[in-house]
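Beneath this line is the structure, given in structure tokens, with notes to follow.
The values are calculated or read from the model by the stated rules, or taken from the named source; none is laboratory data. Given the structure is predicted, the values throughout are model-derived calculations rather than measurements. With ideal geometry, Cβ positions are generated from the backbone for all residues, glycine too; neighbour counts draw on all protein chains shown. Keep in mind that these areas ignore ligands, DNA and RNA; they rest on the heavy atoms of the full protein, side chains included. Shrake-Rupley method; radii C 1.70, N 1.55, O 1.52, S 1.80 Å.
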Amino acid sequence: MTQPASAVRLRDVTFRWKRGPRALDIAMLDIAAGERVFVHGPSGCGKSTLLALVAGVLSPTTGDMQVLGQSLSGMTSGGRDRFRAEHLGVIFQTFNLLPFLSITDNVRLGYDFSHQRRARVTAAQGGAEGAIARLLAQLGLAPDMRGRAVSALSIGQQQRVAVARALIGGPDLVIADEPTSALDAGARDRFLDLLLGECDAAGSTLLFVSHDLGLAEHFDRSIDLAQLNHASARDEDMACM
Ligand code: ADP
Ligand code: MG
């Protein structure tokens, strides 16, 4: 699809967990298509909640939320699942890999449910297998490992599989929740180079969350969520512990 000018647009969005305080209250947030945005803030200030809303995993309690020009607020949860599969690449904090599938099969899940992403990998040099092999090689996963079940991998290796699954087929929007927390400094820099390079090549918008402020310089813009989120300012002692 043609990318709209705005990749993410929130207006007066609030989110409250069933039994908790209000976790998010954001008057306005706009992320342009192709922009690479770094979101930071202390633990508990709502970073993962914001990403879950943008990914359509959660739905706002109130307010208007648009992603890639489409209103998520008006979609059913099944509709949001299909929208996410088609357009988003998500690196979850806990990876969410399928443990008994191989590395290659986990990466394939990144485009299997997306017409657009499948078309891109099929058109790539060497077809889908070539696209997977190239990405895994860039991430330092050796060819002889690719048939191995991901449950047999180290945490660092599992994370690289999760990254390959999110990036394969150049999704319109890539969302990453603390993806560098398990990496040492050298691996972290290589990882960021790869992530930013792949997003550039595909024209993907990138929304990247971390509490590590040292990473901010690699991005077009950084957002301090503790400032933006009025819920965390008001409920500071509860929300930002
Ligand atoms: P961060 O990612 O910045 O550490 P989160 O978005 O995970 O913060 O959490 C924001 C707030 O929502 C916190 O107060 C947290 O305790 C609360 N919260 C997170 N997940 C849940 C949940 N599943 N149920 C209830 N409250 C939650
Ligand atoms: Mg979090």
Subset of segment 1-48 that is among the hydroxyl-bearing types (Ser, Thr, Tyr) and more than 27 Å from Gly203 (Cβ to Cβ) - its residue that is nearest to ligand 1 (Cβ to nearest atom): Ser43
Evaluate segment 135-156: report whether one residue or more is of a type outside the set (Lys, Arg), modelled with pLDDT under 95 and closer than 25 Å to Val54 by Cα. no
Which fully enclosed strands (runs of 3 or more DSSP E) of segment 1-64 have 2 or more residues being surrounded by fewer than 17 Cβ atoms within 10 Å (Cβ to Cβ)? 6-16, 22-32
Qualifying strands (runs of 3 or more DSSP E) (wholly inside segment 164-241; at least 1 residues being at pLDDT below 90): none
Are any of the residues in segment 78-95 part of a loop (DSSP other than H, G, I, E, B), crowded, with 18+ Cβ neighbours inside 10 Å, of a type in the set (A, V, I, L, M) and out of contact with any helix residue (DSSP H, G or I) (no Cβ under 6 Å at 6 or more places or on another chain)? no
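A quick yes/no check of all residues on (1) within 16 Å of ligand 1 (Cβ to nearest atom); (2) in a loop (DSSP other than H, G, I, E, B); (3) among the basic types (Lys, Arg):
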{"residue": "Leu98", "(1), (2), (3)": "no, yes, no"}
{"residue": "Thr104", "(1), (2), (3)": "no, no, no"}
{"residue": "Val107", "(1), (2), (3)": "no, no, no"}
{"residue": "Tyr111", "(1), (2), (3)": "no, no, no"}
{"residue": "Arg118", "(1), (2), (3)": "no, no, yes"}
{"residue": "Ala131", "(1), (2), (3)": "no, no, no"}
{"residue": "Arg134", "(1), (2), (3)": "no, no, yes"}
{"residue": "Arg160", "(1), (2), (3)": "no, no, yes"}
Which of (1) more than 16 Å from ligand 2 (Cβ to nearest atom); (2) open to solvent by less than 20 Å² (accessible area, probe 1.4 Å); (3) farther than 21 Å from His87 by Cβ does Leu167 not meet, given it meets every other one? (3)
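Let's see how each residue does on (1) among the basic types (Lys, Arg); (2) without any contact (Cβ under 8 Å) to a residue 60 or more places away in the chain; (3) within 30 Å of Glu35 (Cβ to Cβ):
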site	(1), (2), (3)
His87	no, no, yes
Phe95	no, no, yes
Ser114	no, yes, yes
Pro143	no, yes, no
Gln158	no, no, yes
Leu167	no, no, yes
Segment 106-116, residues that are crowded, with 18+ Cβ neighbours inside 10 Å and under 19 Å from Arg146 (Cβ atoms): Asn106, Val107, Arg108, Gly110, Tyr111
